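Take a look at the structure set out below.
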Amino acid sequence: MKKRQEQTDILILGAGFGGVCTAKYLLRFTRKIPNVKITLIDRNTYHFFTPLLHEIATASIHSDHIKRPLRMLFNQENVEFHQGEIKDVDLKNQTVEICTNCTNCDTPPKYDHHTYINKADFISDRRQAFRYDYLVLAMGSDPNFYGVTGADKYSYTLSSIKTSEEIKARILECFELANQTNNLQLKKELLTFVVIGAGATGTEYIVELHDLCKNVLAEEFEFVKFNRDCRIILVEAMDQILPNMDPYLVKYAMKHLQENKIEIMTSTKVTKITGCTIELNGKISIPTHNILWAAGVKANNLVASLPLKENSDGRVKVNSFLQTIDRPEIFALGDNACFMPKEGENPLMQTAQVAVQESRTAAMNIVKHFNGTKLHHFKYVFLGSTVSLGERKGVANLIGKFELKGFSAWFSWKLTYLRHLLIIEKLSRALWDWSFDLLYNRQMARFKLH
Ligand SMILES: Cc1cc2nc3c(=O)[nH]c(=O)nc-3n(C[C@H](O)[C@H](O)[C@H](O)COP(=O)(O)OP(=O)(O)OC[C@H]3O[C@@H](n4cnc5c(N)ncnc54)[C@H](O)[C@@H]3O)c2cc1C
């Protein structure tokens, strides 16, 4: 058995799905072990529910309703939370350096002169170091622009609450500008919205965007006519939308989108993006001021830069115990990890259900490694996937066996998300937003408040 030190430090980097669930499981599994310190670090002060970011961007849901302050989440529990930007991981000395109060944070502290708080009284960009005996890499992913010129500069991504709020503000701004011009060409450019990527996120995003533009905004702005001025375009490099869904469900989703006059461009590659155009397949150029990127993710940049064995896409390779290769004290899970169920098979997808399932095994194996007992092999169970198509319709594949379409699929989508939200917060305020939308239309007030 391992010689017990005075204190064992377990450091979790990232408080997304994987990080928060690992902390929760570690609390449970280390209850009877003395002198274990669990520390969780994230750039944000809150945990947020990424699958609903597009609903913030399209004003379906209020951003406060999908986030939960991390200090409250671990209130009175034995997890120490630190807010800061993770800057460096020193594998040799087993330390991690963070920077607090820096501009990369989604919500840097506000220095409000009305309350007589002076920024100069606070230490900005303060460096702080943490040592670890066990490290959990759960830092998620970064958007993947696949080297498309101009994509990182001119397209909007759904990567945080902040970017989702920016998209919402941008949509409203474009409608305001379009309302103030008689130039029909400019009006059309301002109201052409292009979503890139027709996976589950891109598809849900486009239907919500269509609904918002047609049924809420076009109704509110006197000089905008939806059919004349708006174009809603979904671009996909592959030859179909929803590439991981059954063809029968894809056909249903396609029909629904086409009935709503959403333009679908499959087998279409984005080749260049500028501030006011998008170039497709190196030939077609569409004038637009709104390019919304939902085309996929790559490993977190900092994790990809660490001297650990990685897959070609930068994700850290892990063994069947979720330990990094050659570093048994470092565990990796979720989007920044590459777990192959079997040699030669594709790695697991970057989804929340993978991160959550991995977190239990990672927490269990840290404790087993500490106790010197046999580690547990991770086994992934696919629970299914659901996609909302708006108007209370959807498509769903439950546990890889049952296929649903229409209202039942949409309802199972809501139930799945609500279940997750309720784990984070006992009475989900998202339920309030969704109930309100069922009874009334989306509220313009949500725009005006932010
Ligand atoms: C718009 C969108 C929709 C999605 N929809 C679905 C869905 O419907 N179903 C599904 O299963 N999955 C969905 N996903 C994928 C899912 O969100 C991820 O697979 C999941 O969040 C991965 O969990 P994770 O813990 O690995 O990373 P994350 O949940 O992303 O957490 C990573 C954490 O690390 C923190 N972090 C990163 N870098 C630093 C740093 N340098 N310093 C400090 N903190 C840092 C981040 O702030 C974040 O809190 C969606 C993702 C997006 C973006």
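Given the Cα atoms of the chain, and with Rh set as the inverse mean 1/r over their pairs in the Kirkwood sense, what is Rg to Rh to two decimals?
Working: Rg = 23.0 Å, Rh = 23.5 Å.
With Rg and the Kirkwood Rh in hand, the quotient comes to 0.98.
Count charges around MET340 for me, please; just the other residues with Cβ under 11 Å from its Cβ, Lys/Arg as +1, Asp/Glu as -1. Intermediate results must be reported in sequence, preceding the final value.
Details: positive: ARG315, LYS317, LYS342; negative: GLU343, GLU345.
Taking every other residue near MET340 into account, the sum is +1.
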The extension gain from CYS276 to TYR248, computed as 0.36 nm times the residue separation minus the Cα-Cα distance, is 6.4 nm
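Where does the chain land at 222 nm, in deg cm²/dmol rounded to the nearest 500, when only DSSP H runs of n ≥ 4 count, each adding -39500 (n - 2.57), divided by all residues?
Details: 14 runs with 139 residues, N = 450.
Computed ellipticity for the chain at 222 nm equals -9000 deg cm²/dmol.
Among DSSP beta bridges whose residues both lie in the chain, state the antiparallel percentage, nearest 5. Don't jump to the answer; show the numbers that get you there.
Details: 38 of 73 bridges.
That works out to approximately 50 percent antiparallel.
Cβ under 13 Å from ALA299's Cβ, ALA299 left aside: what net charge do those residues give with Lys, Arg +1 and Asp, Glu -1? Before the final figure, lay out the partial values.
On the way: positive: LYS298, LYS309, ARG315, LYS317; negative: ASP142, GLU310, ASP313, ASP335.
Local net charge: 0.
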For the chain, longest principal axis from Cα atoms; helix 247-259 axis from its Cα atoms; angle between them, nearest 10 degrees, is 40 degrees
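Work out the FRET efficiency for ASN227 and LEU415 from their Cβ-Cβ distance, taking R0 = 41 Å, and round it to the nearest 0.05.
Working: r = 35 Å, r/R0 = 0.85.
Efficiency, rounded to the nearest 0.05: 0.70.
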For the table LYS317/LYS368; LYS32/LYS309; LYS162/LYS251; LYS92/LYS309, the rows whose alpha-carbon distance is greater than 23 Å are LYS32/LYS309; LYS162/LYS251
Per principal axis, largest first, the Cα atoms of the range 128-256 extend in Å by 64, 45, 29
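Looking at the square roots a ≥ b ≥ c of the eigenvalues of the Cα gyration tensor of the range 285-414, which shape do they give, rounded for a/c under 1.5, prolate if a/b is larger than b/c, or oblate?
Numbers: a/c = 2.84, a/b = 1.49, b/c = 1.91.
Judged from the Cα gyration tensor, the range 285-414 comes out oblate (a/c at least 1.5, b/c at or above a/b).
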Pseudo-spin-label distance ARG170 to GLN76, built 7 Å along Cα→Cβ, given in nm, is 4.4 nm
Check: C-alpha center the range 286-362 vs C-alpha center the range 1-62, spacing in Å is 17 Å
Whole-percent tail of the Cα-Cα distance distribution for the range 232-271, cut at 17 Å, equals 28 percent
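Can you give the charge dipole size of the range 1-89 about its Cα centre, rounded to the nearest 20 debye, using +1 on the beta carbon of Lys and Arg and -1 on the beta carbon of Asp and Glu?
On the way: 13 positive and 9 negative charges, 111 e Å.
Approximately 540 debye in magnitude.
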Between the alpha carbon centres of the range 67-90 and the range 215-283 the gap in Å comes to 39 Å
At R0 = 25 Å the Cβ-Cβ FRET efficiency linking SER312 and LYS368, nearest 0.05, sits at 0.25
Packing-ranked peptide list from 128-140, 175-187, highest mean Cβ count within 10 angstrom first, is 128-140, 175-187
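Can you order the peptides 263-273, 193-203 by their average number of other Cβ atoms within 10 Å per residue, highest first? Intermediate values should be presented prior to the final figure.
On the way: 263-273: 17.6, 193-203: 25.2.
Per-residue Cβ counts within 10 Å, averaged per peptide and sorted highest first, yield 193-203, 263-273.
Of the trypsin sites (Lys or Arg not before Pro) in the range 8-76, which ones lie in a loop per DSSP and count no more than 13 other C-beta atoms within 10 Å? Present the calculation step by step, with values, prior to reporting the outcome.
On the way: sites: LYS24, ARG28, ARG31, LYS32, LYS37, ARG43, LYS67, ARG71; in loops: ARG31, LYS32, ARG43.
Answer by residue number: ARG31, LYS32.
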Checked against the positive end of the charge dipole of the chain (+1 on Cβ of Lys and Arg, -1 on Cβ of Asp and Glu, about the Cα centre), the farthest of ASN78, LEU11, TRP410 is ASN78
Partner lysines whose C-alpha sits under 20 Å from that of LYS187, ignoring same-chain residues fewer than 8 away, are LYS168, LYS214, LYS225, LYS261
A chain fully extended from GLU343 to ASN35 at 0.36 nm per residue, minus the present Cα-Cα distance, gains in nm 107.0 nm
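Relative contact order, percent, of the range 203-320 when contacts are C-alpha pairs under 8 Å separated by at least 6 residues?
On the way: 117 pairs, mean separation 18.5, N = 118.
Computed value for the range 203-320: 16 percent relative contact order.
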Computed about the Cα centre, the charge dipole of the chain from +1 Lys/Arg and -1 Asp/Glu charges at the Cβ has a magnitude in debye, to the nearest 20, of 1100 debye
In nm, the gap between the two label points placed 7 Å beyond Cα toward Cβ at GLU263 and GLN7 is 6.0 nm
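Read-outs throughout are calculated quantities, based only on the coordinates presented, and are distinct from any laboratory measurement. All values derive from a computational prediction rather than experimental measurement. Heads up, the Cβs are rebuilt from the backbone with ideal geometry, glycines too, and the neighbour counts pull from every protein chain shown.
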